[in-house]
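Just below is one structure, and these are the notes that go with it.
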């Protein structure tokens, strides 16, 4: 019983409550960094780390922190984990950290992280919160990978940095902001269409 | 204890813990972050000034530069240049000989748009140096300009200009100050 419940908390973030495609949260970093697959993976991993860390901590202090000052407390916790992620990325993956630039520190204001703290881990025990965070983090990561794979292939003519075709002149707008909006819009529309169809 | 002090205390304790954790992380990662930057600069120096065998760091009126030495004679200067690009600073280093002719340019750090401005530092498959920066070689740093000497990158005029203009300005300033 307990095991299936934990698994349920994990699985829901992957599809049914996918932060990008279903809840449509955290779109700002999704639009900005999904220009290459490597960026997408890096952003996803960093956000997952922050989600797990802040979810555990918020869940641990949930009975001590009074309702009225919970938001500042959550923000301090999240900002701490984001800064740790940023510093470690700078130290051990400098190239990735450079290509993500400002968007690693900006995980602080990612709605997914504060959203999970507010909606889930401030009410649930730590173990459940970990599974929730992992599900949401991985859900966010695969969404980023899908979006960035489409944009990298169409906008830059490459896949993970490898050139796909020599004759294809990639349309630049796919790498720019319009490409991100189009890709995400079409993906969400397609997912909505197929879920509705399945439900009849 | 009033509610206000209680709230303040809890928030204070959380902030204190956060500060401690961050201070430790910062100290642990600091040498790791700085070490590759130093190394990168050293290897960039060698690639833009192949004729020199040693470099000595100098500053003049806040312009940081290296004297490129071959034996004991100065053969040129490697100048730290910071340009203001499309989405942040572009940190680079430009090597010029004593007449101000560019020997090479290396970009150390930038945050230009991937696929557009980031092409300022793109290396084509099978080549050893960025194609955009290769254009600078042999040009006079004091009068270098986009369009006349340098072909701008398609869709990245701002980044191309930022690199070119910053090199011209900084190198020219340094050389004229050194002559005095």
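Rule-based calculations on the coordinates, nothing more; no lab input. Just so you know, these numbers come straight off a predicted model, no measurement behind them. Note: ideal-geometry Cβ built from the backbone for every residue, glycine included; neighbour counts use all protein chains shown.
Using mean Cβ contacts within 10 Å as the protection proxy, how do A:18-30, A:165-177, A:50-62 order, highest first? It would help to have the intermediate numbers written out before the result.
Numbers: A:18-30: 20.4, A:165-177: 13.4, A:50-62: 23.2.
Packing order, densest peptide first, comes out as A:50-62, A:18-30, A:165-177.
Direction-averaged shadow area of the convex hull around the Cα atoms of the range A:1-108, nm²? It would help to have the intermediate numbers written out before the result.
Details: hull surface 32.8 nm².
If you wrap the Cα atoms of the range A:1-108 in a convex hull and average its projections, you get 8.2 nm².
For labels at residue B:27 and residue B:67 in the simple 7 Å Cα→Cβ model, what's the distance in nm?
Calculated label separation equals 3.9 nm.
Antiparallel as a % of all DSSP beta bridges within the protein assembly as shown, to the nearest 5?
Values: 31 of 32 bridges.
Roughly 95 percent of the beta bridges in the protein assembly as shown run antiparallel, per DSSP.
Ignoring solvent entirely, what values of log10 I(q)/I(0) come out of the Debye formula for the range B:123-180 at 0.24 Å⁻¹ when each Cα is a single scatterer?
Those come out to -0.97, one per q.
Could you give log10 I(q)/I(0) at q = 0.09, 0.16, 0.22 Å⁻¹ for the range B:1-151, computed by the Debye formula over C-alpha point scatterers of equal weight, without solvent?
The Debye formula, applied to the Cα set alone, gives -0.44, -0.95, -1.45.
So how tilted is helix A:126-156 from the main axis of chain A? Cα-based, degrees 0 to 90, rounded to 10.
It is inclined by approximately 10 degrees.
Taking every residue in B:112-120, how many Cβ atoms of other protein chains lie within 10 Å of its Cβ, on average? Show your work: numbers first, answer last.
Working: counts 1, 5, 11, 14, 6, 0, 5, 0, 0.
Mean partner shielding for this stretch: 5.
Over what distance in Å are the Cα centres of the range B:110-145 and the range A:132-181 separated?
Taking the Cα centre of the range A:132-181 as reference, the centre of the range B:110-145 is 24 Å away.
Roughly how crowded by other chains is peptide A:65-72, in terms of the mean Cβ count from those chains within 10 Å of each of its Cβ atoms?
Working: counts 4, 5, 0, 2, 7, 1, 0, 5.
If you average over the peptide's residues, the count of other-chain Cβ atoms is 3.
Give me the extension gain from residue B:173 to residue B:148: residue separation times 0.36 nm, minus the current Cα-Cα distance, reported in nm with one decimal.
Gain on extension, residue B:173 to residue B:148, equals 6.9 nm.
Efficiency by 1/(1 + (r/R0)^6): what FRET value for residue A:198 and residue A:6, r their Cβ-Cβ distance, R0 = 30 Å, to the nearest 0.05? Please list the in-between numbers first.
Numbers: r = 26 Å, r/R0 = 0.87.
Using R0 = 30 Å, I get an efficiency of 0.70.
Please list, short to long, the whole-number percent of alpha-carbon pairs of the range B:92-152 in consecutive 10 angstrom bins beginning at zero.
21, 51, 26, 2
Assuming a viscosity of 1.567 mPa s and a temperature of 4 °C, what translational diffusion coefficient in µm² per second does Stokes-Einstein assign to chain A, Rh being the Kirkwood radius over Cα pairs?
Details: Rh = 17.6 Å.
After rounding, the answer is 74 µm²/s.
Using only Cα atoms, what is the ratio of the radius of gyration of the protein assembly as shown to 2.2 N^0.38 Å?
Details: Rg = 25.1 Å, N = 380, 2.2 N^0.38 = 21.0 Å.
Normalised by 2.2 N^0.38 Å, the Cα Rg of the protein assembly as shown equals 1.19.
Taking every residue in B:16-22, how many Cβ atoms of other protein chains lie within 10 Å of its Cβ, on average?
Numbers: counts 0, 5, 9, 2, 1, 4, 6.
That average works out to 4.
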